[in-house]
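The values are calculated or read from the model by the stated rules, or taken from the named source; none is laboratory data. Remember, it's a predicted structure, so these values are computed and weren't measured experimentally. Neighbour counts run over all protein chains shown; Cβ positions are idealised from the backbone, glycine included. We work out accessible area using only protein heavy atoms, side chains counted, and drop any ligands, DNA or RNA first. Shrake-Rupley method; radii C 1.70, N 1.55, O 1.52, S 1.80 Å.
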Amino acid sequence: MNPLSPETVRQHLEQARTSVDAELDRLLPPAEEYPPSIHKAMRYSIFAGGKRLRPTLCLQAGRLFGGEEKSLLRVGSALELIHTYSLIHDDLPALDDDDLRRGKPTSHCVFGEATAILTGDALLTLAFEIISDAGAPSAECKLRVIHELAHAIGTQGGMVGGQVIDLETTDRTSDAATLDYIHSAKTGAPIRAAVRSGAICAQAGEGDLARVTTYGEKVGLAFQIVDDLLDVLGSQAELGKTVGKDGQQHKATYPALHGIEPSKQIASRLVEEACEALEPYGERAQILQGIAHYLIVRNS
Ligand code: FPP
Ligand code: MG
């Protein structure tokens, strides 16, 4: 089977981004709605840029099993709200203390720290309001998706748990198992939840869910390894965020623990394994496989 060219993958990502952005614009309160300070700040960070990777993964996993477009876009948009909340909070002075994100000044630099905290809270809350709103998918699917996302961003192997260990190991020597926990929890779990929630919306069976789970876990870990590599090798102009921060802050990262070349090889191997998990779907899985490959050659 011929893999999709990077150009074709980019076109798929671009198409998904356009649809997701239109849906986010519909779902977010207008900037002027009372109280305008928070609605402006929510829109500022959401529309500052971003690849819309998590919604795209949700859309593509859902389409693989015949999911309905409207539900997938809704759940995908909720994933982006959650992701943007995590970026705003991650950049706060008490956490990574960053002043650049998605090529723009971070939320707390523009709106102040208190509003940035509340903006993250508001995006997280709106995500669950949107998923639990009337309309498709079925009530049972919604409940499963809500549980899936809440677990993936919580403390038990989820995003907040990973973030806690990330903070607690800063300035300390970490072992490989701790580093894998951090990466799989803070970044991998939400990415796994993105593909799983798409598949759940499409009422995929247990075997199908198991395959997309493997894909999501491997792609999720590879994604954070590449994020670590880009912090060392990437450019601020392309990434839209400060580079070299991990080293400055003595963070536990793949290049620091395993070296640059071994980290690249581990990421490539994970992507191969992720793609293998979807082989039973033949050509239907080409886009998800193409996205996985794109993620390790990306420069932003
Ligand atoms: C960049 O995503 C983001 C990551 C690699 C995830 C890092 C993990 C966190 C920020 C978790 C923080 C958790 C809490 C609780 C504060 P991306 O390259 O897809 O960014 P984009 O959407 O701007 O393209
Ligand atoms: Mg961080």
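With only alpha-carbon atoms in the gyration tensor, what are the semi-axes of the equivalent ellipsoid for the chain, in Å, largest first?
On the way: eigenvalues 139, 132, 61 Å².
Semi-axes (√(5λ), whole Å): 26, 26, 17.
Place a +1 charge on the Cβ of each Lys and Arg in region 130-246 and a -1 charge on the Cβ of each Asp and Glu, then give the dipole magnitude about the Cα centre in debye, rounded to the nearest 20.
Working: 10 positive and 16 negative charges, 60 e Å.
Around 280 debye, computed over region 130-246.
Gain on full extension, evaluated as 0.36 nm per residue between Ser138 and Ala150 minus their Cα-Cα distance, stands at 2.5 nm. Taking the inverse of the mean 1/r over every pair of distinct Cα atoms in region 1-50 gives a Kirkwood hydrodynamic radius of 12.7 Å. Average 1/r across all pairs of distinct alpha carbons in region 74-122, invert it, and you get the Kirkwood radius: 10.8 Å.
Once R0 is set to 25 Å, what does the formula 1/(1 + (r/R0)^6) return for the Cβ-Cβ distance between Gln11 and Tyr281, expressed as a FRET efficiency to the nearest 0.05? That gives a FRET efficiency of 0.75.
The charge dipole of the chain, taken about the Cα centre with unit charges on the Cβ atoms of Lys, Arg (+1) and Asp, Glu (-1), comes to about 500 debye, rounded to the nearest 20. Take the chain, connect every pair of alpha-carbon atoms lying under 10 Å apart with a spring to form a Gaussian network, then pick out the residue of Arg54, Arg26, Arg102 with the largest mean-square fluctuation. Residue with maximal mean-square fluctuation among Arg54, Arg26, Arg102: Arg26. The portion of the accessible surface of the chain made up by carbon and sulfur, rounded to a whole percent, is 53 (1.4 Å probe; DNA, RNA and ligands excluded).
Annotation for region 231-300 versus region 100-137: alpha-carbon center distance of 26 Å. For the pair Glu69 and Ala31, the difference between a 0.36 nm per residue extended length and the Cα-Cα distance amounts to 11.0 nm. For the chain, the 222 nm mean residue ellipticity estimated from helices alone, with every DSSP H stretch of n ≥ 4 adding -39500 (n - 2.57) and the total spread over all residues, rounds to -22000 deg cm²/dmol. Between region 186-226 and region 30-50, the alpha-carbon centres lie 29 Å apart. Compared with the alpha-carbon gap, the fully stretched path from Asp99 to Ser300 is longer by 70.6 nm at 0.36 nm per residue.
Excluding ligands, DNA and RNA, what is the solvent-accessible area per residue of region 66-161 at a probe of 1.4 Å, expressed in Å²? If you can, show how the numbers build up before the last one.
Numbers: 4100 Å² over 96 residues.
Per residue, region 66-161 has 43 Å² of solvent-accessible surface.
With one equal scatterer per alpha carbon and no solvent term, the Debye-computed log10 I(q)/I(0) for region 189-249 at 0.21, 0.30 1/Å reads -0.77, -1.12.
Once R0 is set to 22 Å, what does the formula 1/(1 + (r/R0)^6) return for the Cβ-Cβ distance between Val160 and Ile266, expressed as a FRET efficiency to the nearest 0.05? Efficiency, rounded to the nearest 0.05: 0.30. Solvent exposure of region 177-225, expressed per residue, is 28 Å² of accessible area, with all protein chains present and a 1.4 angstrom probe.
Across region 274-280, computed HN-Hα scalar couplings (Karplus, 6.51 cos²θ - 1.76 cosθ + 1.60, θ = phi - 60°) run 4, 5, 4, 4, 9, 4, x Hz from first to last residue, x flagging Gly and Pro. Remark on region 128-225: hydrodynamic radius 14.1 angstrom, per the Kirkwood mean of 1/r across alpha carbon pairs. Taking one quarter of the surface of the convex hull spanned by the alpha-carbon atoms of region 188-300 gives a direction-averaged projected area of 7.3 nm². Set the Cα radius of gyration of region 34-127 against 2.2 N^0.38 Å, with N its number of residues, and you get 1.15.
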